[in-house]
Amino acid sequence: MPELSDPALATAAQAVLETGIGLAEPDVLAVLRLPDDQCGESVKAIGQRRPGASATAEELIAFCDARIAGYKKPRSVDFVDEIPREPAGKLLKRKLRERYWAGAGRTI
């Protein structure tokens with residue numbers, strides 16, 4: 001089993017969730033590694049729903065559960081009104097990470 005801090009964990013979940021876009025219908029989806037007391041780090045997905053979309057965190061996690069190893073799937077999913085972007089359109093994952101890593105005493 002790879003280290004739980006391996007960046008590939010978030011990458012695997014991102015790839016699976018992007019193939020399931022029809023299930024979740026998010027406009028934007030970011031998958032991050034966040035501090036976890038038990039494992040060191042865990043995977044979290046943060047999505048921005050399209051108006052009228054009704055996907056739940058449980059549906060996204062179940063979608064991943066059927067397609068990737070349990071340690072690679074997101075442990076939780078949050079939905080936000082807007083995911084921050086650079087002027088060129090790239091997601092600002094560091095802005096999303098800030099609130100989760102603030103009290104961790106370390107950074108990635």
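Distances between placed amide hydrogens fall under 5 Å for R49 paired with D27, V80, all partners being 5 or more residues away or on another chain.
Loop-located GluC sites (Glu not before Pro) across region 26-108 with a Cβ neighbour count of 12 or fewer within 10 Å are E82, with loop assigned by DSSP.
For region 65-108, the residues whose amide N sits under 15 Å from a probe point set 7 Å from the Cα of T11 along the beta carbon direction are 72.
Approximating the spin labels as points 7 Å out from Cα along Cα→Cβ, the D65-to-Q38 distance works out to 1.4 nm.
Read the figures in this text as sums done on the coordinates, not as results from a lab. Treat the numbers as computed from the prediction; the structure is a model and nothing was measured. As a convention, Cβ positions derive from the backbone with ideal geometry for all residues, glycine included, and neighbour counts pool all protein chains shown.
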